[in-house]
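Have a look at the structure below, then the notes.
The values are calculated or read from the model by the stated rules, or taken from the named source; none is laboratory data. As the structure is a computational prediction, the values presented were derived from the model and not from experiment. Cβ coordinates were reconstructed from backbone atoms using ideal geometry, including for glycine residues, and neighbour counts include every protein chain displayed. With ligands, DNA and RNA removed, areas are computed over all heavy atoms of the protein, side chains included. Shrake-Rupley method; radii C 1.70, N 1.55, O 1.52, S 1.80 Å.
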Amino acid sequence: MIVIENVAVATVDASDTYHADGHVVVGDDGRIAAVGPGAAPATEGRRVDGAGCLVTPGLVNTHHHLYQWATRGLALDETLFGWLRTLYPIWGRLDAEIVGAAAGAGLGWLALSGCTTSMDHHYVFPRDGGDVLEAEIEAARRIGLRFHPTRGSMDLGHKDGGLPPDNIVETTDEALRATEAAIDRWHDPSPAAMLQIAVAPCSPFSVTERLMSEAAALARRKGVRLHTHLAETDDEEDFCRERFGCTPVEYAERLGWLGEDVWLAHGVHLDDAAIARLGATGTGVAHCPSSNARLGAGAARVRELLDHRVPVGLGVDGSASQEASHLGEELRQALYTARQRGGPTALKAREALRMGTMGGARCLGRQDDLGSLETGKLADLVLWRLDGLGHAGIDDRLAALVFGPAAPVELALVGGRPVVERGELVNADAETLARDAAGAHRRLLGRQ
């Protein structure tokens with residue numbers, strides 16, 4: 001058992017209960033045994049003094065492309081379509097070794113930024129690249145994070161009017177067969193699962209209508225979730241109107257892609273009718289404010305999405321479109337982005353934390369076991385150190401976490417098991433991860 005005491009506690013439960021001085025007890029079953037104000041109950045086990053700290057649920061990353069860690073710092077001043085045209089040919093040279101190194105670095109960095117659960121959207125499968133999905137799954141096991149990789153796909157190449165080069169797309173049947181095989185091999189439906197698979201055709205401009213509709217049918221037959229990019233840029237809006245005669249959300253609905261088992265990446269360019277449909281159908285949105293800013297894509301209408309009860313989580317997006325990839329910092333970025341659109345009351349610190357925790361858990365379908373500190377839930381939590389120079393003088397520790405600089409992670413648990421202690425990874429060496437990632441970057445770019 002682990003007892004965290006003398007600590008501020010942000011539970012993110014339905015009432016947003018906050019204890020300025022409280023405790024959390026983690027049972028030896030990897031679940032939360034007790035949480036509340038004041039002193040912890042007398043019990044055996046490891047005791048952690050949380051003085052100067054805040055404990056929250058672990059952050060949930062709802063959109064990422066881990067392989068992109070190997071192509072950071074490129075196409076720095078491009079829009080999305082220009083950025084993709086630059087990078088697609090490079091990604092066509094990916095292999096399992098490069099993806100494993102990139103995923104290890106990306107997941108290690110996420111853990112150090114307060115993330116305990118991450119998805120990944122992988123959709124590039126070079127024919128001679130080996131098992132790239134297995135490579136990132138093994139990386140997640142090594143770091144110790146709960147992992148929700150998606151089996152992505154592209155079958156609409158340049159010759160057929162799509163954006164990706166023809167040499168990196170699959171046939172529709174190949175993509176569907178490989179997706180089903182990935183579910184059968186890897187997906188764990190149990191409540192305490194460390195690994196779950198979702199189905200994730202890439203985007204309207206890289207996937208055929210047949211693949212979109214049949215992927216949705218496959219996911220529902222297998223009982224797994226659905227994910228794709230949608231409404232990220234004006235270019236995508238123009239593409240959908242010219243090719244399909246409708247908006248991206250109308251196109252998604254036409255193909256069966258709205259529902260409580262679906263979450264969409266970005267959702268930047270949504271009109272009132274689209275937001276209302278997402279809310280009515282319970283379709284989630286992965287909000288990626290830093291990536292959207294880096295590519296100049298715009299700012300999602302988060303206030304309106306929340307007001308329509310759309311499940312909204314946070315994502316760092318791919319490391320080549322948002323080089324910082326620090327999930328803890330996305331709390332502040334989401335707050336600032338919303339306030340730039342709607343003023344200083346458009347989003348509050350507690351709402352930003354809720355998006356990064358319970359909102360993400362809802363997007364991934366894990367809200368019954370993750371996303372809040374409540375008795376019986378999985379002990380995925382983060383102890384943030386907030387008594388250093390960067391946070392000195394901010395009395396409200398939750399405000400210090402969200403408004404202040406990136407807070408060091410004193411302790412991060414996944415299912416009660418430490419993955420970060422005193423700012424260091426428990427199961428991997430950060431210097432080795434960095435060295436391997438740098439080598440993968442050089443090899444991918446032909447520099448070694």
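Condition check ((1) open to solvent by 20 Å² or more (accessible area, probe 1.4 Å); (2) out of contact with any His (no Cβ under 9 Å at 6 or more places or on another chain)) across all residues:
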residue: Glu232; (1), (2): no, no
residue: Cys240; (1), (2): no, yes
residue: Pro248; (1), (2): no, no
residue: Tyr251; (1), (2): no, yes
residue: Arg254; (1), (2): yes, yes
residue: Trp263; (1), (2): no, no
residue: Gly267; (1), (2): no, no
residue: Val285; (1), (2): no, no
residue: Cys288; (1), (2): no, no
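When Ile90 is tested against (1) of a type in the set (A, V, I, L, M); (2) part of a helix (DSSP H, G or I); (3) open to solvent by less than 20 Å² (accessible area, probe 1.4 Å), just one condition goes unmet, and that condition is (3). Of all the numbered requirements in (1) open to solvent by 20 Å² or more (accessible area, probe 1.4 Å); (2) closer than 28 Å to Leu112 by Cα, Gly313 misses one, and that requirement is (1).
Among Arg362, Arg350, which is among the basic types (Lys, Arg), assigned to a helix (DSSP H, G or I), out of contact with any Asp or Glu (no Cβ under 8 Å at 6 or more places or on another chain) and in contact (Cβ under 8 Å) with a residue 60 or more places away in the chain?
Arg362
Going by the structure shown, is Thr17 crowded, with 21+ Cβ neighbours inside 10 Å and either over 23 Å from Glu421 (Cβ atoms) or of a type in the set (Ser, Thr, Tyr) (or both)? Against the criterion (crowded, with 21+ Cβ neighbours inside 10 Å and either over 23 Å from Glu421 (Cβ atoms) or of a type in the set (Ser, Thr, Tyr) (or both)), Thr17 does not qualify.
Starting from residues that are of a type outside the set (D, E, K, R), open to solvent by 20 Å² or more (accessible area, probe 1.4 Å) and touching a strand residue (DSSP E or B) at 6+ places or on another chain (Cβ under 9 Å), keep the ones in the stretch 366-395 and report whichever is nearest to Pro149 (Cα to Cα). It comes out as Gly376. None of Gly73, Gly58, Gly45 is in contact (Cβ under 8 Å) with a residue 60 or more places away in the chain and surrounded by fewer than 16 Cβ atoms within 10 Å (Cβ to Cβ) except Gly73. Would you pick out the residues in the stretch 320-336 that are part of a loop (DSSP other than H, G, I, E, B), touching a residue at least 40 places away in the same chain (Cβ under 8 Å) and within 12 Å of Gly106 (Cβ to Cβ)? Scanning the stretch 320-336 gives Ala320, Glu323, Ser325, His326. Of the candidates Gly259, Gly279, the single residue that is modelled with pLDDT of 95 or more and either in a loop (DSSP other than H, G, I, E, B) or open to solvent by less than 10 Å² (accessible area, probe 1.4 Å) (or both) is Gly259. Checking the stated criteria, Ala51 turns out to be open to solvent by 40 Å² or more (accessible area, probe 1.4 Å) and aliphatic (A, V, I, L, M). Among the residues of the stretch 225-254, those identified as over 21 Å from Ala280 (Cα atoms) and either in contact (Cβ under 8 Å) with a residue 12 or more places away in the chain or touching an Asp or Glu at 6+ places or on another chain (Cβ under 9 Å) (or both) are Thr233, Asp234, Asp235, Glu236, Glu237, Phe239, Cys240, Arg243, Phe244. Out of Ala182, Ala175, Ala192, one residue alone is surrounded by fewer than 24 Cβ atoms within 10 Å (Cβ to Cβ), closer than 16 Å to Val224 by Cβ and at pLDDT 95 or above. It is Ala182. Of the numbered criteria (1) closer than 23 Å to Gly313 by Cβ; (2) of a type in the set (D, E, K, R); (3) not in a strand (DSSP E or B), the one Asp120 fails is (3).
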